[in-house]
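Peer 1: Quick one: this structure, given as structure tokens, is what I'll be asking you about.
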Amino acid sequence: MSLSPTSKGFMALIAVLFSALLAGGTLAQTSDNMQLSVGTKFVKDYCLEAREGDSSAIINKCNAGPLQGLRYDEETGHLRQGDKCLAATTRGQPLTVTGCADSDDQKWTFNPNGTLQSDSGQCADILNFQKGAGTPVIGWECTGTENQAFFATRIKITSATPTQSAAAPAALQPVKGLPVIASYFTQGRCLNTLGNRGTITVDNCDRQPNQSFAFKSGVSGAIVQGDKCLSYGQKGQPLRLEACTGAAGQDWTFTTEGTLRNRDNLCADIFAFDTRAGTDVIAWDCTNTDNQKFYPAVATEAGSFSYGPALAESLRADSKITTVSMQPGFSALNVTGANGKPVSTDSQNALTGGQNNTLIVGGAGVLTKRFVNGLAAPSVTSADDATTNILPSDWAFFSGATAGIMPLQ
């Protein structure tokens, strides 16, 4: 007896769920506080998510949010999110959550090797083996590689953040400033738009509007400055600010290697490893070299926030400290002086210094530690620690209406 594609999909899903039960899972049933989602074996605790705005598929930290809800329909083979379905329409392009249809590109099978395959023959594939939040999930030939391994899972829907107890210490006030893209290669420098040409350079961070960059929404996609988008004309030429069109070259993500990559598989690259202020930032093949390493950050006015008295004492004892690296991963507790100028503290323990009284907050300590004259906590031990997550867990400071406000935690 031969099985229809839909029956094959159902039987394969049953096999996946049964295997999970043997391993101690409880996927067969859901309760009111659990949500069915699709997880990836390639990045621990990451799930498929429909990106806000265009509903294209990305990976993100599993959070049981509505954008990660994907329920397998046993009758049709659809992966449903409300009244919409996951589809693999064009090879090499991101999967999308769109209106449900009786088409092969919307009928899915969880294969025994972990691949999530549509009846049209494409498999869900995490683009270029990238592990960063916001990495697109595209339709591609089924290769069985680790970036194509997915599974049905249940995620617990957590309650709202509990109210802070009266005995708990008051939280530090958030840092407020300008959302910027800072360089791990040239200390205290940010992406900068030349007003007369609209091209992008890397220059001393100065909190001016021509250095303001943020995701229009979510954790990837269009990076905007005003009503224009970060774009490129051709490989080897400087990046530009241009009218937003939704083109692949305007669809950006930060990767776990520290690169700023677009969907055309080109990366922002400081031309010829030039460390001078005002150097062009071009579109180039992604090589993962130091001149391609950037991070989302907030440029803020010096003297507007504090890390507390203990750190203040350390800074007062050394007048040459240019970078403070308190956490190995991405953290607001990592700060760099604009143009690599020293960071200090005032009588109220607020951080001061940086050129033009500008400090850059954010970045991963394992990478900012490499800057000269840095002050690093004992836990920040290596710039090559591949297990450290150098991407933010909360992108609100670099996305939408809250861009420029970074909590100190």
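Peer 1: Identify, among 254, 407, 353, the residue whose Cα sits farthest towards the positive end of the charge dipole of the chain, taking +1 on the Cβ of Lys and Arg and -1 on the Cβ of Asp and Glu, with the dipole about the Cα centre.
Peer 2: Of the options given, the answer is 353.
Peer 1: Sequence gap at least 6, Cα distance under 8 Å: using those rules, report the relative contact order of the chain to the nearest whole percent.
Peer 2: Computed over the chain, the figure is 13 percent.
Peer 1: Give me the aspartates and glutamates in straight-line cross-link reach of residue 176: C-alpha distance below 17 Å, same-chain residues under 8 apart excluded.
Peer 2: Here the aspartates and glutamates satisfying the reach criterion relative to residue 176 are 206, 301, 394.
Peer 1: Given +1 on the Cβ of Lys and Arg, -1 on the Cβ of Asp and Glu, and no further charges, what dipole in debye does region 175-406 carry about its Cα centre, rounded to the nearest 20?
Peer 2: Magnitude of the dipole: close to 240 debye.
Peer 1: Let me ask something additional. Need one word for region 309-409: rounded, prolate or oblate. Basis is the Cα gyration tensor (sqrt eigenvalues a ≥ b ≥ c); a/c below 1.5 gives rounded, then a/b vs b/c decides.
Peer 2: Oblate shape, in that a/c is at least 1.5 and b/c is the bigger or equal ratio.
Peer 1: What translational D, rounded to a whole number of µm²/s, comes out for region 210-269 from Stokes-Einstein when the hydrodynamic radius is the Kirkwood one over Cα pairs, at 37 °C and 0.692 mPa s?
Peer 2: Reported coefficient: 285 µm²/s.
Peer 1: Mind ordering 37-46, 332-341, 308-317 by average Cβ neighbours within 10 Å, highest first?
Peer 2: For the peptides 37-46, 332-341, 308-317, the packing ranking is 332-341, 37-46, 308-317.
Peer 1: Turning to a different aspect of this structure: So for region 215-306, taking the charge dipole from beta-carbon charges (+1 Lys/Arg, -1 Asp/Glu), which of 306, 218, 239 sits furthest toward the positive end?
Peer 2: My answer, from the dipole projection, is 218.
Peer 1: Determine the relative contact order of region 175-406: mean sequence separation of Cα pairs under 8 Å and six or more apart, normalised by residue count, in whole percent.
Peer 2: Across region 175-406, relative contact order equals 22 percent.
Peer 1: Another question about this same structure. Set the bar at 26 Å for Cα to Cα. Now go through 44/235; 131/216; 320/369 and name every pair that lies beyond it.
Peer 2: Too far apart for the 26 Å limit: 44/235.
Peer 1: Can you give me the C-alpha center-to-center distance between region 221-244 and region 342-409, rounded to a whole angstrom?
Peer 2: Cα centres, region 221-244 to region 342-409: 26 Å.
Peer 1: At 10 °C and 1.306 mPa s, grab the translational diffusion coefficient of region 175-406 from Stokes-Einstein with a Kirkwood Rh over Cα pairs, rounded to a whole number in µm² per second.
Peer 2: 92
Peer 1: Give me the aspartates and glutamates in straight-line cross-link reach of residue 107: C-alpha distance below 13 Å, same-chain residues under 8 apart excluded.
Peer 2: Counting by Cα, and skipping residues close in sequence, residue 107 has these aspartates and glutamates nearby: 73, 74, 75, 119.
Peer 1: For a quick size check, give me the Cα extents of the chain along its three principal axes, largest first, whole Å.
Peer 2: 79, 56, 34
Only the coordinates and a few stated rules stand behind these numbers; no lab work does. Remember, it's a predicted structure, so these values are computed and weren't measured experimentally. Ideal geometry is used to build each Cβ from the backbone, glycine not excepted, and the neighbour counts take in all protein chains shown.
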